[in-house]
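Down below is the structure, laid out as structure tokens.
The values are calculated or read from the model by the stated rules, or taken from the named source; none is laboratory data. Just so it is clear, the structure is predicted and the values come from calculations on it, not from any experiment. Don't worry about glycine lacking a Cβ; one is built from the backbone with ideal geometry, like all the others, and counts go over all protein chains shown.
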Ligand SMILES: *Cc1c(COP(=O)(O)O)cnc(C)c1O
């Protein structure tokens, strides 16, 4: 686990060769060395060491941006010293953040004329924490005003949600109600969601789209079921849309899809600027429909940086360069540019999905036509090898294509997933297909089932 690091063995040794005078210096591992290696050597050594990381371009596992225009990277380096929280020192960066919030709130159809309400965050995880806290606070206030107990909040999502929702529930003591998947239903639906709602439900979260297969949950259908629930029971349950990826895809590629503030029950939306927002990690966004959706008690006013500044965040200091880079992408691409970039990714994803469906043993779980992301499994008759074996063999060629099983109640469904991001060309897709065909042929030619000790380990989904 990342939070407890085993000490490297060399730390225990008192006679490291680099302690000899004149010997080649090494990078510190566990102890801050008395003497540094010097700035040039540190640069060389660290750069060499980082070559051991995978090649980001061949990583088809991550949703996070791995290539940006050179100018954007320069702009980020130029603005790395700006602290986003210090709005007094950096008022123009604050203004740029405000513009981004306005742009997103328009893009997601927040009611015209209202003040745009939202902020940048460190990715969708922090954005979800803030949005879900607002849900919890609103629910508690309403319960208290009605003289009812407010000690057993719950939150309803599909079992396919990203781990940040389970984190929120554990950290903020809210009961997670994860609606299990069933048969071909691999994400949340309205009909199922309302079965899990009651007077203690602080909100329902719908995902656009699912990290498991890129599919969009039916936001307007879930909202309609919640409208119906309210008519029957009086429970007025807000809907949040976790559009970590879809928030930067659907507005450009599915402009008629009703998933955003056009649906009156949608109270807030988050998205990751560092996914299809096309910015390097980590920037995210959270936007509320209107100021009233964000309880004022959550906003702190700080005056110690000079001036009075309202802040709503879990972090305090963080780089302003992320927000500047987001603004750069908006300014340089415009709506049409975003539509082209995402359209290209979707075309490559659809091409890959259709081609993979033609390779004998595979069957598609999704087709890359919502998010440019799709999952595919093996046909039931394939029993000599598993998706985990396919994943491992692709890795031998440098491709990272993760394999995992679905959550409850479809733990039996094991898939591979491909995330197509900006920078993946048709030529790269063809190389991947060639490697996949070759590796599949090898696996298909096995005379019998792979023996247990040669099989790749089965893995549950890890985000
Ligand atoms: C990636 C993702 C998150 C978490 O986003 P970060 O920006 O990595 O913190 C949350 N929800 C969904 C649906 C995601 O895809």
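Given the structure, is residue 299 surrounded by fewer than 18 Cβ atoms within 10 Å (Cβ to Cβ) and more than 15 Å from the ligand (Cβ to nearest atom)? The answer is yes for residue 299. Is one or more of the residues making up the stretch 132-147 assigned to a helix (DSSP H, G or I), crowded, with 19+ Cβ neighbours inside 10 Å and not assigned by TED's automatic domain parsing to the domain that holds residue 287? Taking every residue of the stretch 132-147 in turn, none turns out to be assigned to a helix (DSSP H, G or I), crowded, with 19+ Cβ neighbours inside 10 Å and not assigned by TED's automatic domain parsing to the domain that holds residue 287.
Quick check: anything in the stretch 322-329 out of contact with any strand residue (DSSP E or B) (no Cβ under 9 Å at 6 or more places or on another chain) and under 25 Å from residue 432 (Cβ atoms)? Steps first, answer last, please.
Restricting attention to the stretch 322-329, the residues satisfying the condition of being out of contact with any strand residue (DSSP E or B) (no Cβ under 9 Å at 6 or more places or on another chain) are 324-325, 327-329.
Imposing the further condition that a residue be under 25 Å from residue 432 (Cβ atoms) reduces the set to none.
No, the stretch 322-329 contains no residue that is out of contact with any strand residue (DSSP E or B) (no Cβ under 9 Å at 6 or more places or on another chain) and under 25 Å from residue 432 (Cβ atoms).
State all residues of the stretch 89-131 that are outside any helix (DSSP H, G or I) and either farther than 15 Å from residue 327 by Cβ or outside the structural domain of residue 274 (by TED's automatic domain parsing) (or both); if no residue qualifies, say none. Of everything in the stretch 89-131, those that are outside any helix (DSSP H, G or I) and either farther than 15 Å from residue 327 by Cβ or outside the structural domain of residue 274 (by TED's automatic domain parsing) (or both) turn out to be 89, 108, 109, 110, 111, 112, 113, 114, 115, 117, 121, 122. Among strands (runs of 3 or more DSSP E) entirely within the stretch 364-456, having at least 3 residues that are at negative phi, touching a residue at least 12 places away in the same chain (Cβ under 8 Å) and touching a helix residue (DSSP H, G or I) at 6+ places or on another chain (Cβ under 7 Å) singles out 373-378, 414-419.
Test residue 314 against the stated conditions and say whether it is within 15 Å of the ligand (Cβ to nearest atom), exposed (fewer than 15 other Cβ atoms within 10 Å of the Cβ) and either farther than 26 Å from residue 205 by Cβ or in contact (Cβ under 8 Å) with a residue 60 or more places away in the chain (or both). Yes. In the set 110, 131, only one residue is away from the ligand (no atom under 16 Å from the Cβ) and out of contact with any helix residue (DSSP H, G or I) (no Cβ under 7 Å at 6 or more places or on another chain); that residue is 110. So, residue 247, is that one within 22 Å of residue 126 (Cα to Cα), within 16 Å of the ligand (Cβ to nearest atom) and outside any loop (DSSP other than H, G, I, E, B) or not? When the stated conditions are applied, residue 247 passes them. Taking the criterion of being surrounded by fewer than 21 Cβ atoms within 10 Å (Cβ to Cβ), within 16 Å of residue 458 (Cβ to Cβ) and touching a strand residue (DSSP E or B) at 6+ places or on another chain (Cβ under 7 Å), the residues of the stretch 403-413 that qualify are 405, 411, 413. Evaluate the following for residue 283: is it surrounded by 18 or more Cβ atoms within 10 Å (Cβ to Cβ) and more than 16 Å from the ligand (Cβ to nearest atom)? It is false that residue 283 is surrounded by 18 or more Cβ atoms within 10 Å (Cβ to Cβ) and more than 16 Å from the ligand (Cβ to nearest atom).
Could you please let me know if residue 234 is away from the ligand (no atom under 14 Å from the Cβ), at pLDDT below 95 and more than 25 Å from residue 373 (Cα to Cα)? Steps first, please.
On the way: away from the ligand (no atom under 14 Å from the Cβ): yes; at pLDDT below 95: no; more than 25 Å from residue 373 (Cα to Cα): yes.
It is false that residue 234 is away from the ligand (no atom under 14 Å from the Cβ), at pLDDT below 95 and more than 25 Å from residue 373 (Cα to Cα).
Residues of the stretch 202-217 that are within 9 Å of the ligand (Cβ to nearest atom), under 19 Å from residue 252 (Cα atoms) and outside any strand (DSSP E or B): 209, 210.
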